[in-house]
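Enquirer: Quick one: the structure is below, questions incoming.
The values are calculated or read from the model by the stated rules, or taken from the named source; none is laboratory data. This one's a predicted model, so the numbers in the text were calculated from it and none came from an experiment. Counting neighbours? That spans all protein chains shown, and the Cβs are built from the backbone with ideal geometry, glycine included.
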Amino acid sequence: MPRMLDVSDDVRAEIGDEEADRLLAGENAPGSYDCTSCRTPGDSEQERTSTVLFIGDETAVLAFAHATCLPSQVVQVTEEQLQGAVRSINPDGPPVESAPEQAVLGVTSGLVLINGELHPALVVEPTGPIVRPGSTDVGDDFLPLLIEQGFMPVTELNSVPPVLRGWSVLLAMGQLHAVLQPGTGGGSPVAWWQAHQALQVAESWRAAANKHQQVLLFAAPVGSIGRQPREDLLRDALDKAAANGKLVAAAMPLAGT
């Protein structure tokens, strides 16, 4: 049965006319799916649905979103992000190339008090273990991978972490869009984490970011922080993770306003 799919010219150019036509005819497209933006169920037989193609260095994954949440588009991501932070939204839907279903990076914004001054912070925690790309080991390499990128282990939150060269936090129109990392071979920055739908941040957070012109990024493995409803509880969780040796951090310049 034909699906109510939107396939943009960019997506069609990447997957080819034959694959695009099969999707539109309903041969390879799922009926029901979980929206890659809002994570709620959708049905391509009943509502307009966007095809979103995530492309890494070696892998591409086709996902689906409510047309009201996202337009059909191609999203360039790093291979590590694709393997570790983007999952095929419907296991019955065909990824262009097979990619293991893995964790998604959860990002929380909050103000963190260090030496009597409030700093804007982002706390990143995956929804599951992150393994090294290409590894068959069962474990969690999230922190070692970040330390290799230049993040510093944190044992207590008593000082601002050093700036990580080449990384930045993209804020535009008062909304959080992405965390950028250096491109390969000195090329343009690429998204390490990218919001499927721009995240609104509090006015106090944005004011602190504009004041310091940088954002502190803290990262911890799954189960270390959790979704905390208040900033005091978030700080308690950060302190506990640091004391347990499960926290890394870096300061990143602010890109945008």
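Enquirer: Checking Asp140 against (1) surrounded by fewer than 12 Cβ atoms within 10 Å (Cβ to Cβ); (2) touching a residue at least 24 places away in the same chain (Cβ under 8 Å); (3) of a type in the set (Asp, Glu): exactly one of these is not met. Which one?
Expert: (1)
Enquirer: Given (1) on the phi < 0 side of the Ramachandran plot; (2) assigned to a helix (DSSP H, G or I); (3) without any contact (Cβ under 8 Å) to a residue 60 or more places away in the chain; (4) not aromatic (Phe, Trp, Tyr), identify the lone condition not met by Arg165.
Expert: All conditions pass for Arg165, except number (2).
Enquirer: Given the structure, is Ala198 free of Cβ contacts under 8 Å to residues at least 40 places away in the same chain and closer than 24 Å to Val77 by Cβ?
Expert: Against the criterion (free of Cβ contacts under 8 Å to residues at least 40 places away in the same chain and closer than 24 Å to Val77 by Cβ), Ala198 qualifies.
Enquirer: Tell me the residue from Gly183, Gly116 that is assigned by TED's automatic domain parsing to the domain that holds Asp239, small (Gly, Ala, Ser), at positive phi and over 16 Å from the mean Cα position of the chain (by Cα), please.
Expert: Gly116
Enquirer: Let me ask something else about it. Specify the residue that is surrounded by the fewest Cβ atoms within 10 Å (Cβ to Cβ); the eligible residues are those in region 1-12 that are in contact (Cβ under 8 Å) with a residue 12 or more places away in the chain and not in a loop (DSSP other than H, G, I, E, B).
Expert: Asp10
Enquirer: Next question. Output the residue which, of all residues in region 192-215 that are hydrophobic (A, V, I, L, M, F, W, C) and closer than 10 Å to Leu254 by Cα, is nearest to the chain's Cα centre (by Cα).
Expert: The extreme case among them is Val215.
Enquirer: Name the strands (runs of 3 or more DSSP E) wholly within region 22-116 that hold at least 1 residues that are farther than 21 Å from Ala195 by Cα and modelled with pLDDT of 75 or more?
Expert: So the answer is 32-34, 41-43, 105-114.
Enquirer: Looking at Leu171, Leu122, Leu180, Leu146, can you tell me which residue is surrounded by 21 or more Cβ atoms within 10 Å (Cβ to Cβ) and assigned to a helix (DSSP H, G or I)?
Expert: Only one candidate passes the filter, namely Leu146.
Enquirer: Please go through (1) outside any loop (DSSP other than H, G, I, E, B); (2) in contact with a helix residue (DSSP H, G or I) (Cβ under 9 Å, 6 or more places away or on another chain) for Val222 and return the number of the only condition it doesn't satisfy.
Expert: Against the list (1) outside any loop (DSSP other than H, G, I, E, B); (2) in contact with a helix residue (DSSP H, G or I) (Cβ under 9 Å, 6 or more places away or on another chain), Val222 comes up short only on (1).
Enquirer: Limited to region 201-213, what total is found for residues that are in contact with a strand residue (DSSP E or B) (Cβ under 9 Å, 6 or more places away or on another chain) and free of Cβ contacts under 8 Å to residues at least 60 places away in the same chain?
Expert: The number of residues fulfilling the criteria is 4.
Enquirer: Right, next: Is it true that Pro153 is crowded, with 19+ Cβ neighbours inside 10 Å, more than 16 Å from the chain's Cα centre (by Cα) and touching a residue at least 40 places away in the same chain (Cβ under 8 Å)?
Expert: Considered against the rule, which asks whether it is crowded, with 19+ Cβ neighbours inside 10 Å, more than 16 Å from the chain's Cα centre (by Cα) and touching a residue at least 40 places away in the same chain (Cβ under 8 Å), Pro153 comes out as no.
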